[in-house]
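Each remark here refers to the structure printed beneath this line.
Read-outs throughout are calculated quantities, based only on the coordinates presented, and are distinct from any laboratory measurement. Computed from a predicted structure; not experimentally measured. Cβ placement follows ideal geometry from the backbone for every residue including glycine, while neighbour counts extend to all protein chains displayed.
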Amino acid sequence: METKKWEALVTAAELGSFTRAAEKLGCTQSGLTHMMNSLENEVGFPLLIRDRYGVRFTPAGERILPAVRELLQAGKRLEGEIAAQSSRKRENIRVAAYSSICMHWLPTIVQQFRWDFPDVSVDIRMGSVEEMYRWLQDDKVDLSFASRQDRGRYDWVPLWDDPLLAILPMDYPAEGLSRFPVAEFDGKEFLMPSLGFDMDILRVFEDRDVRPDIKDTQVEDAAILSMVEHGLGVSILSELVLQGRRDNVRCLPLDPPACRRIGIAAQSLEEASPIVRQFIDYSTRIVAELHQP
C-alpha cells in the first residue's frame, strides 16, 4: 500500500497546519490539499477537520490512527530491508589463506555463509605468510587466514592451534619414540617448506637453539612429503596440512610440543563492514565445529 499520503495525513494533523506540513514534506500547500482530498475519497469518509483553528483528525480519523502508524512503521522496516538487500548485493569479501586452509576450512565456511548471504561474493587468493600480511597492509584483502606473526599492526581473531609434526622417512631410526625431540634436528638435512611455514618453523629452532642444515625449497607441501619419502631429508609440517593424506612417511609430534597459531588478521575489526564481521563469526564457529574431538 502507498504510504506517502498516510504520512502526509499524520504530519498535517500533528502540526495542525497544511502550510507547516507542506514545508516539512517539501511540497506545495495546494498539492498537499489535493493529496488529502484524494485520500479521503479513497477511504470514503472524512479524515481531517479543517477550520480557522487549523487541522485536526475527525473522530473516524482518530480511530484509525493506530493502524495508520503501524502501516507507516511497517513501511519504514520494509524500506530498510530493501536498502540492506540492495547494499548486500554490492558487497564483496576478499580473503587470503594458506593452501591447507583453502582446502580444509574455506570450502565449508563459504558454503554455509552463502546459504545465508547468497548475494555476497567471497574472493579467495592463496599465498605465503609474507604475502598475507603485505596484502592486508596494502588493502588488497579484507582478511588473512594465517599464522600469527609479530609484525605490523592488525587485529587478530584466534581460530586454532595447529600442531607441528616431524616428517621423517619410514626407515628413520625412531623406534620407541612417540614424540620427536626438536634437538634431533640439529645438523640434519632439513627441507624447509615454503608458503608460510618457514617463520613458524624457524621460531621452533630458535627457541631450542637448534641449527639444522636447512635446504630452502620453492615447492608445495606434497613435494616436501615426496622428498622426505625418498630420503632427501627431514622436515616439519602441520596437522592441518597432513589431514587426509596417506604418504609413506613417519609423522611424530614434536617434543616439546609446538604449533602454528592460526587465526584471522584484519586491519581493524572495529572499522570492518558488518558483512565482514559476519564472515569472521561464521569462520570462528565452523572451525571450532570441524575440530571438535
Exercise. If all Cα-Cα distances of the chain are sorted into 10 Å bins from 0 onward, what percent lands in each bin, rounded to whole numbers?
Worked result: 6, 21, 19, 13, 10, 9, 8, 7, 6, 2, 0
Problem set entry | Simple Cβ-charge dipole of region 4-88, Lys/Arg +1 and Asp/Glu -1, about Cα centre, in debye nearest 20 | 120
Seminar exercise, completed: quick shape note, region 160-260: Cα extents on principal axes in Å, largest first -> 32, 30, 28
For this session: For Asp255, list long-range residues whose amide hydrogen, built 1.01 Å from N in the peptide plane, is under 5 Å from its own amide hydrogen.
Result: Phe180, Val182
For this session: Could you tell me what % of all Cα pairs in region 42-137 have separations over 16 Å?
Result: 73
For this session: Please give every one of the lysines within straight-line cross-link reach of Lys76, meaning a C-alpha to C-alpha distance under 16 Å, and leave out same-chain neighbours fewer than 8 residues apart.
Result: Lys4, Lys5
Problem set entry | Taking the convex hull of Cα positions in region 4-88, its mean projected area over all directions (nm²) | 6.1
Exercise. What does the helix-only formula give at 222 nm for the chain: each DSSP H stretch with n ≥ 4 adding -39500 (n - 2.57), the total divided by the residues, and the result rounded to the nearest 500 deg cm²/dmol?
Worked result: -14000 deg cm²/dmol
Exercise. Mind listing the phi-derived Karplus ³J(HN,Hα) values for region 270-278, rounded to whole Hz, using 6.51, -1.76 and 1.60 with θ = phi - 60°, and x for any glycine or proline?
Worked result: 5, 8, 5, 5, x, 6, 5, 5, 4
Problem set entry | Highest-fluctuation residue, Leu232, Leu177, Leu136 considered, GNM on the chain with Cα pairs under 10 Å | Leu177
Exercise. Kirkwood hydrodynamic radius of region 243-293 from all distinct Cα pairs, in Å?
Worked result: 14.4
For this session: Using a Gaussian network model of the chain whose springs link C-alpha atoms within less than 10 Å, name the residue from Arg134, Arg50, Arg114 with the highest mean-square fluctuation.
Result: Arg50
Seminar exercise, completed: Largest fluctuation, Ser194, Ser178, Ser144 only, Gaussian network model of the chain with Cα springs under 10 angstrom, belongs to Ser178
Exercise. In region 80-185, which GluC sites (Glu not before Pro) are in a loop and have at most 11 other Cβ atoms within 10 Å, using DSSP for the loop call?
Worked result: Glu175
